[in-house]
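The structure appears below as structure tokens.
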Amino acid sequence: MKFRHCIAALVLTAMVVPSTAEAKIKSSDVRKAYLKGKKNSHYGRSDINSDIRCMILYTVWATMNSGSYDINLAYAHGELGYGYTQYQFHHYGNKFVTDYANGNAWRQIFLSVSQDYASRDMEKDREVKNMVEEIGKCAVPHGKVVMHPGGLVRAEHFLNAISSQPYEQSYPEWAKDRKAWDSYATAMMNGQFVRAVDIVSRSLDGGDSSTFDDQEYMVAIDAAVTTGKANQIPQAQFVRAAGRVPERYAGYAGQNAADYRPQVELIKASATSGLMPSASAASNQARGSAERIARDRCRDAGGKVLRVNSVPTNSRKATDTTWRSTYQATAQCQFPARR
């Protein structure tokens, strides 16, 4: 994944934009950094410093998401996508307006935090990971986001407004359907998760795999379920979620979670040795035959052999000089999921 960073230095109402920098980093590393941050969440113990830091983080990230990345960042993690980023930005924007805007304490912190981000060398993978980890720390859980009571503005609009710069709408190159992309972001920032699910579902079902990633659908449907809106979503729109997380969503889709998991069955076989010159020879022959038959039965049924166990069920001296042995083998046979 190639990142193109243009980190804004917000100095009260003035903005300095350093030159575009590029860093190469794997999507898996972005995901790990974000989840690492979430484990050390600020939620429940935030203060003015962390709130302002988080608002700036989401402002910059949403702005970069709107056209500066060469792929959809939701691919790394759905909560790093544009729509969900706007949703989080509004939580901190609301806190900023209600808790800090009428005082002066925020000004020095705002300046300090802004200068911090402007001074970072985003050509280095480490700095990219650090920023993503910080965004993870800022993530507010579904249902805990405080919605803004007044008019809503997108993060990139806010950035341009405080810098007295004209705003020009930009779109990422990978957004094939700009109208749907805009509508999803608007629905998310308004907390209209059912509508967001419908927008992404229609796009994906219609064959457009460019505008949205499955992760954006999962974020929207998880938010809808978590906030008690599952009954407003048609069963058919849960099918995709059931395929990804059957334990959580199969029931909503009117399906059985077990149908999405590989099935393991026990297949048994028994074999008796011929007349052998020793007890050990008889045992080895019977065990080998029983295990082979169990494996063959599993494979013939279309399964995959995971493990075979065998136990003796009979061992005796057949004549003065020969022995017989009987073994039962049990194969753990895995069959593909029914769906």
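The values are calculated or read from the model by the stated rules, or taken from the named source; none is laboratory data. Remember, predicted model here, so these are calculated numbers, not experimental data. Cβ sites come from the backbone with ideal geometry, for glycine too, and all protein chains shown count toward neighbours. Quick note on the areas: whole protein, heavy atoms, side chains included, nothing else; ligands and nucleic acids left out. Shrake-Rupley method; radii C 1.70, N 1.55, O 1.52, S 1.80 Å.
Rolling a 1.4 angstrom probe over the chain with all protein chains present gives an accessible area of which 46% lies on carbon and sulfur atoms.
Taking every DSSP helix (H) stretch of at least 4 residues in the chain, weighting each as -39,500 (n - 2.57) and dividing the sum by the residue count yields a mean residue ellipticity at 222 nm of -14000 deg cm²/dmol. Computed from Cα atoms, the angle from the helix 193-205 axis to the main principal axis of the chain rounds to 60 degrees. The modelled label-to-label distance between Asp29 and Ser112, using points 7 Å beyond Cα along the C-beta direction, is 3.0 nm. Distance between the pseudo-spin-label points of Thr322 and Met147 (7 Å out from Cα toward the beta carbon): 8.4 nm. Ellipsoid fit via the Cα gyration tensor, segment 129-217: semi-axes of 23, 18, 16 Å, each the root of five times an eigenvalue, largest first. Couplings for segment 268-283, taken from phi via the Karplus curve 6.51 cos²θ - 1.76 cosθ + 1.60 with θ = phi - 60°, read 10, 8, 10, 8, 10, 6, x, 6, 10, x, 8, 5, 5, 5, 5, 4 Hz in order; Gly and Pro are left as x. Take the chain with all the other protein chains still there, run a 1.4 Å probe, and you get 49 Å² of accessible area per residue. Report, in degrees rounded to the nearest 10, the 0 to 90 angle that the Cα long axis of helix 214-226 makes with the longest principal axis of the chain. Once rounded, the angle reads 80 degrees. Once Rg and the Kirkwood radius are both taken over the C-alpha atoms of the chain, their ratio Rg/Rh works out to 1.24. For segment 76-90, putting each phi into the Karplus relation 6.51 cos²θ - 1.76 cosθ + 1.60 with θ = phi - 60° gives couplings of 6, 6, x, 7, 9, x, 4, x, 5, 4, 5, 4, 5, 4, 5 Hz, in residue order, rounded to whole numbers and with x for Gly and Pro.
When Rg and Dmax are taken over the Cα atoms of segment 297-339, they come to 16.3, 57 Å.
So how tilted is helix 125-138 from the main axis of the chain? Cα-based, degrees 0 to 90, rounded to 10. Approximately 90 degrees, to the nearest 10. Counting Lys and Arg as +1 and Asp and Glu as -1 over every other residue whose Cβ lies under 15 Å from the Cβ of His77, the net charge comes to +1.
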